[in-house]
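Below is one structure, written out as structure tokens, with a few remarks after it.
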Amino acid sequence: MLMNSKEIFLYKKNNSKDSDFVMWMAFPGIYSFSMSSLGYLWMYKTIDLIDGVNIERICSDTEKTTYNIHDVSLFGFSFSFDMDFLTIFSMLEKYNIPLKSKDRTNEPLIFAGGPVVTANPEPYKEFFDFFIIGDGEDVNLAAVDICKKHPDKDEALKLLSEVKGIYVPKYSKKVHKLTKKLSECIYTPILSEGAFFKNTFILEMSRGCANRCGFCIASYLNLPLRCVPYDKLIKTIDLGLSYTNKIALLGAQISAHPHFHDVCNYIYQKIKSGQNIEMSVSSLRVDAITPDVIKTLVASGQKNTTLAIEAGSERLRKVINKNLKEEQIFNAIKIAKENGLKGLKFYGMIGLPTETQDDLQAIIELGKKAKAENKGFDISFGFSSFVPKPNTPFQWIGREATKLLEEKANFLKKELHKIGISANVSSVKWDYWQAVLSRGDESLNDFVLEVYKNGGKLGAFKAAAKKYNIDTDYFAVGNYLYDAKLPWDFIEIKPGKEFLIQENKRLLANIT
């Protein structure tokens, strides 16, 4: 998009490029959301620094562009959420690009990267010329270089199919997911007043999660846990604070960083010395709640934070590999309250494998006890329903029936409301379709296209399934055998399928 006067670049742009190679980097959402997407902005920055490439950011609400679509040679999309395909299709149509790659002739090569297509690109394979599989920092640059040097599209695709970390549906048979060592700290390269998180400097502390909850794609898709070196973190924090007072620490398990407490103390000391800093963190593990962490959060203006407990009973937490004792949860509440936080939101799931009514009742009892022991302290809950994800130990386990999950959701909301605790639950119906897309295969390509053409609402999903006679329950609620051929098996992700099978067996051994 045309540069926003409210944007501040934290790197030196090369404004004197003289090149015919034009690339669009697209975010399937509005501008404000794109400017708070760390991965998207970092990809843009690394490509922007390449000589001979003119790159422009495109969002769903972009009204005016520097280049015409006929000038563009490469068009990339960030694909982070299952329903992003709806916005991606609308953006392609906005620029008069045929949705299926087989129908395109003089249009640019279209590609996508991100967690959705890294996990399972098959439901979307007919719409993209290639996919970035895994960590994209280096692979993106290799892809751009090939496309720049080889204007013939088919020649470029053949070469792309030979690169590890790139899947070309037309040519690739096996794809290796790449995992990057975090030798540098990824951070927000462009600050904007128009961002959803206004002028906030986000930095990635770690990637992956060593706890490996059985349902968690962020854990297994990003193994092993990697942490940015402490000195790089401090240098990056200082860079951010030289531009803004708002910083955010990002990572699936930031508290597992060996220097997490040192980082908190570094920021706390700056605040104590009089520097105005607003700091936020992604959700914390219960066992990471310590007085020094809470004091830092409070000193930086945070009043509440989110703790992921996933399930109410210790039995079910063992099944999903969330090994938290109840006393740890209540100790975390005590520390949070004593050190100045005003409230905590607990995140959980319903419909987890082996869940019983006793497990749901355990959530109510936990809420009752927390409320009774912490008068004046805000306790709330948020829930989603279990969605089986590729490349996790629970990829073989289907969801429960939608009606049963809705009954569980209503039960929790009603019972928690009785004791004065607010609870919100994600849409069980939408989670069902997310599961269909998550475990879907190439038969869903016409299905998703039909969904888009009919408006993308719940009714459109049902109608498309009926039109193409697709048994969506097979993908959403079906239980698979270990030796079943899965749509994403052609992607080689370490430590591999046998490891996931053993993890599945180990976790389900905790049923009793």
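The values are calculated or read from the model by the stated rules, or taken from the named source; none is laboratory data. Computed from a predicted structure; not experimentally measured. Neighbour counts are summed over all protein chains in view; Cβ atoms, including those assigned to glycine, are modelled from backbone coordinates with ideal geometry.
All conditions in (1) surrounded by 17 or more Cβ atoms within 10 Å (Cβ to Cβ); (2) in contact (Cβ under 8 Å) with a residue 24 or more places away in the chain; (3) of a type outside the set (Val, Ile, Thr); (4) in the same structural domain as residue 394 (by TED's automatic domain parsing) hold for residue 330, with the sole exception of (1). Taking the criterion of being aromatic (Phe, Trp, Tyr) and touching a Phe, Trp or Tyr at 6+ places or on another chain (Cβ under 7 Å), the residues of the range 117-141 that qualify are 124, 128, 130, 131.
Going by the conditions given, is residue 466 surrounded by fewer than 17 Cβ atoms within 10 Å (Cβ to Cβ) and either aromatic (Phe, Trp, Tyr) or in a helix (DSSP H, G or I) (or both)?
Yes: the conditions hold for residue 466.
Yes/no matrix, rows are residues, columns are (1) of a type in the set (Asp, Glu); (2) without any contact (Cβ under 8 Å) to a residue 24 or more places away in the chain; (3) assigned to a loop (DSSP other than H, G, I, E, B):
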site	(1), (2), (3)
474	no, yes, no
482	no, no, yes
489	yes, yes, yes
494	no, no, yes
502	no, yes, no
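This table checks each residue for (1) under 15 Å from residue 34 (Cβ atoms); (2) in the same structural domain as residue 53 (by TED's automatic domain parsing); (3) in a strand (DSSP E or B); (4) in contact with a Lys or Arg (Cβ under 6 Å, 6 or more places away or on another chain).
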site	(1), (2), (3), (4)
77	yes, yes, yes, no
80	yes, yes, no, no
85	no, yes, no, no
92	no, yes, no, no
96	no, yes, no, no
99	no, yes, no, no
105	no, yes, no, no
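Report yes if some residue within the range 139-147 is over 24 Å from the mean Cα position of the chain (by Cα), surrounded by fewer than 22 Cβ atoms within 10 Å (Cβ to Cβ), not in a helix (DSSP H, G or I) and not charged (D, E, K, R); otherwise report no. No: zero hits.
Hand me the list of strands (runs of 3 or more DSSP E) wholly inside the range 223-341 holding 1 or more residues that are farther than 30 Å from residue 368 by Cα.
Values: elements: 246-250, 278-281, 304-310.
The strands (runs of 3 or more DSSP E) meeting that bar are 246-250, 278-281.
Yes or no: the range 44-51 includes at least one residue that is within 27 Å of the chain's Cα centre (by Cα) and either over 23 Å from residue 131 (Cα atoms) or assigned by TED's automatic domain parsing to the domain that holds residue 448 (or both). There is no residue in the range 44-51 that is within 27 Å of the chain's Cα centre (by Cα) and either over 23 Å from residue 131 (Cα atoms) or assigned by TED's automatic domain parsing to the domain that holds residue 448 (or both). Got at least one residue in the range 70-87 being farther than 30 Å from residue 390 by Cβ, modelled with pLDDT of 95 or more and in contact with a helix residue (DSSP H, G or I) (Cβ under 9 Å, 6 or more places away or on another chain)? Yes, some residue in the range 70-87 is farther than 30 Å from residue 390 by Cβ, modelled with pLDDT of 95 or more and in contact with a helix residue (DSSP H, G or I) (Cβ under 9 Å, 6 or more places away or on another chain).
Here residue 146 fulfils each of the conditions (1) in the same structural domain as residue 77 (by TED's automatic domain parsing); (2) in contact with a strand residue (DSSP E or B) (Cβ under 7 Å, 6 or more places away or on another chain) apart from (2).
Screening the candidates 250, 241 for the property of being under 20 Å from residue 301 (Cβ atoms), within 24 Å of the chain's Cα centre (by Cα), outside the structural domain of residue 507 (by TED's automatic domain parsing) and surrounded by fewer than 21 Cβ atoms within 10 Å (Cβ to Cβ) yields one hit, 250.
Could you tell me whether residue 141 is touching an Asp or Glu at 6+ places or on another chain (Cβ under 7 Å) and farther than 20 Å from residue 452 by Cα? Working first, answer last.
Details: touching an Asp or Glu at 6+ places or on another chain (Cβ under 7 Å): no; farther than 20 Å from residue 452 by Cα: yes.
Answer is no for this residue.
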